[in-house]
1. If you take the beta carbon distance between Val288 and Arg348 as r and set R0 to 22 Å, what does 1/(1 + (r/R0)^6) give as a FRET efficiency, to the nearest 0.05?
2. Given only helices, namely DSSP H runs of n ≥ 4 each adding -39500 (n - 2.57), what is the per-residue ellipticity at 222 nm of the chain, to the nearest 500 deg cm²/dmol?
3. Please give the contour-minus-distance gain from Leu175 to Ser51: 0.36 nm per residue of separation, less the Cα-Cα distance, rounded to one decimal in nm.
4. Given R₀ = 41 Å, what would the calculated FRET efficiency be for Arg265 paired with Thr7, taking r from the Cβ atoms and rounding to 0.05?
5. Which helices count as membrane-span-like in the chain under these terms: full DSSP H, at least 30 Å along the axis by C-alpha, Kyte-Doolittle mean of -1.0 or more?
6. What is the distance, in nm, between label points placed 7 Å from the Cα along the Cα-to-Cβ direction at Arg236 and at Glu312?
7. Give me the extension gain from Asp77 to Glu151: residue separation times 0.36 nm, minus the current Cα-Cα distance, reported in nm with one decimal.
8. Taking loop as defined by DSSP and a crowding limit of 10 other beta carbons within 10 Å, which trypsin sites (Lys or Arg not before Pro) in the range 284-352 fit?
Amino acid sequence: MKPPVSTLPFVSVIIPTYMRPQRTGQTILSVLASDYPSDRFEVIVVDSSPSAEMTEVILRFQQNPRDAARVHLLRKDPEGPGASWNRGVGEARGELLAFINSDCVADPGWLSRGVNCFLDQSRLGIVQGRTLPPPGNPPGIGSRYYCYDKESCIYDGCNIFYRKQAFEEVGGSSLYYYWDARKDSQDLLTRLIPLLTSFRYILEYTGLDTDLAWRVIERNWKTMFCESAVVYHDVRTLNLFRWLIDEGCYSYAFPRLVQEHPQIREYLFGRWFWHRSHVFLLFLLIGVFGGLLVHPLAMLLGLPYVYIRASEPSRFWRGVLLPLRSLVYLPRDLITMCFLLAGSIRHRTLIV
């Protein structure tokens, strides 16, 4: 039996955004279409854009009297998602917080199913929802997309629920996690590769959502994965350089995360590896050097890497093209491993 509407928890849906007025409008529409009772949730948009376009989008929603009372806009300086989450929570009236990114669309049942997990679970602090690429826009070659179909140690902020008490108990999100260009402009990696300064946003703010979740977990709050709380994350096509370096930029923060939250290591492949392909990438590197220095047969050590990368699901690489997939991913995996090793050296915590 469903609980009476009046007893359902009030929920604050928080949407941080930056320079995405139209996409944010789609996100708001999807949340407002929720099957959760309309008088039991509010939508708080925290906009860091320098322009006022988001204000115009919100005004369109506020022309509808029913939406005007539950869609709110907060403006702030561009200080990253951590500051946006904290600002949104500071104004939130809900006992539960639902976070969704401004490049996502919520399924109509997302809010109600995520909230239902908290009912009669007083020590449940975090519910992680299921994140998928949009059904009509499947990922292709060079795409960046998010897919979480089971509980992940990342606890990505694109689709996650917090009990407000748990969020506030740990002091909210950090403002910067790994690298703050304004305070650490002489970072070794960015001095060696100046072009990486164009990825300042990634390097500054990667790890904020993961760090926040693990601080909550370390306060003995429970977590849960809700498969039916679905959000569809936008698929972006990256240029070749961005695709090669993208995963590396995100992985750079991981050694510090493991240093500060050692339980994360349990989620790594073999406790030490970012991805299972990295295990066999090491064998490939040993095989190449062994083949050059000892005997050509040593290069056979690289075959497991080819097999692993070729056996992964792919819409493009099929049949005789499958082995070529490993050649495409090889430079990307090598770059990612270099980022991981740079972070590992800096924080004296080895992740490969």
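Every number in this text was worked out from the coordinates using simple rules, so none of it is lab data. Here the structure is a predicted model, which is why all the values come from computation and not from measurement. FYI the Cβ positions are ideal-geometry reconstructions off the backbone, even for glycines, and counts take in every protein chain you see.
1. On the way: r = 28 Å, r/R0 = 1.28.
Rounded to the nearest 0.05, the efficiency is 0.20.
2. Working: 14 runs with 142 residues, N = 352.
Mean residue ellipticity, 222 nm, calculated: -12000 deg cm²/dmol.
3. Values: separation 124, 0.36 × 124 = 44.64 nm, distance 2.23 nm.
Gain in length upon complete extension: 42.4 nm.
4. Approximately 0.50, to the nearest 0.05.
5. On the way: long enough: 322-347 (37 Å, 0.82).
TM-like helix candidates: 322-347.
6. 1.9
7. So the chain would gain 23.4 nm between Asp77 and Glu151.
8. Taking the range 284-352 and a limit of 10 other Cβ atoms within 10 Å, the loop trypsin sites (Lys or Arg not before Pro) found are Arg315, Arg318, Arg348.
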